[in-house]
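The values are calculated or read from the model by the stated rules, or taken from the named source; none is laboratory data. Source: prediction; values computed, not measured. Note that each Cβ is placed from the backbone with ideal geometry, even for glycine, and that neighbours are counted across all protein chains shown. In case anyone asks, the SASA skips ligands and DNA or RNA and just uses the protein heavy atoms, side chains included. Shrake-Rupley method; radii C 1.70, N 1.55, O 1.52, S 1.80 Å.
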Amino acid sequence: MEVYFIQGVILPERADFDLSWSTKGMHLASGNVYSANVSIMYNQVAIWLESENEINADNMKHVVDYLIINQVAAVSYLAGCVYDFQVTRVINRARNIDYVVGVDTSVIFDRRNLESFDHDLGVIRRLQAGIHGTFIHRCLADLVSAMRYREDTSFYCYRAIEALRNHCAEVNGIGNEMKDRGMRWEKFREVTGVSEERIGWVAEFAKNARHGGVAMLSADEYGRLLNETWDIVSVYFKSASSI
């Protein structure tokens, strides 16, 4: 049995949040069976988690998010408030583990290009500022959620692509009626050079989640799905920069 002590914080810290509970279960995305005791006092989160197997650093963030975010969402719903959670530190004395949890998503973190960062951000800002910028906002918000919520990664990845399809259609004057749906996708594929098969691959993963079902991803599927989506989004931003 692996024993972890995990620290985190409920945001915003200016809003008092106190709660404690115990739970047992399985994190569906990683298959880790766990039991946990959670104590939250003045927004400071302390978790004693026991797992049948060692949980690696990549999975730990998702396991803890899955454990805490569900309860934070329930409280947010009942209280009519918006709370969030961040895990900050993980300790396992038996394995000499003690690390501060970073903000990077390891499977795509190395994609970043610091040399073109300012230019790329400028492109996105120009697209956000336009009359159709709401579609760019939606895309980026969904990509953040795709990184965070592995159980819904496929849903957010596909909706991010759909948002860009809508942006592409609007700036090219294509209507929004049901009869125009095929034309909207066709124009998006023309602009990006992305095949119907590549988009369909993402859509297939998202099918269950889009209808309220569960779409579990293996670690390999999670990484590939994020990278494929980032490729599609990146090529659209590059193509749209001349708009």
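Among the residues of region 204-243, those identified as of a type in the set (S, T, N, Q) and either outside any helix (DSSP H, G or I) or open to solvent by 10 Å² or more (accessible area, probe 1.4 Å) (or both) are Asn208, Ser218, Asn227, Ser234, Ser239, Ser241, Ser242. In this structure, does Val75 turn out to be outside any helix (DSSP H, G or I), among the aliphatic types (A, V, I, L, M) and open to solvent by 30 Å² or more (accessible area, probe 1.4 Å)? Criteria not met by Val75.
For (1) charged (D, E, K, R); (2) more than 30 Å from Leu28 (Cα to Cα); (3) open to solvent by less than 30 Å² (accessible area, probe 1.4 Å), each residue gets a yes or a no:
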position	(1), (2), (3)
Asp118	yes, yes, no
Leu143	no, no, yes
Glu151	yes, no, no
Arg165	yes, yes, yes
Lys179	yes, yes, no
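Of all the listed residues (Ala15, Ala36), the sole one being of a type in the set (A, V, I, L, M) and not in a strand (DSSP E or B) is Ala15. Considering only residues in region 85-108 that are touching a strand residue (DSSP E or B) at 6+ places or on another chain (Cβ under 7 Å) and open to solvent by less than 60 Å² (accessible area, probe 1.4 Å), the one that is farthest from Ala57 (Cα to Cα) turns out to be Phe85.
Scanning region 122-139 for residues that are aliphatic (A, V, I, L, M), exposed (fewer than 14 other Cβ atoms within 10 Å of the Cβ) and in a helix (DSSP H, G or I) yields a single hit, Ala129. Against the criterion of being of a type in the set (Lys, Arg), assigned to a helix (DSSP H, G or I) and touching a helix residue (DSSP H, G or I) at 6+ places or on another chain (Cβ under 6 Å), Lys179 does not qualify.
Scan region 116-143 for residues that are acidic (Asp, Glu) and out of contact with any helix residue (DSSP H, G or I) (no Cβ under 9 Å at 6 or more places or on another chain) and the total you get is 1.
Within region 54-68, the set of residues being more than 12 Å from Glu2 (Cα to Cα), hydrophobic (A, V, I, L, M, F, W, C) and open to solvent by less than 30 Å² (accessible area, probe 1.4 Å) comprises Met60, Val63, Val64, Leu67, Ile68.
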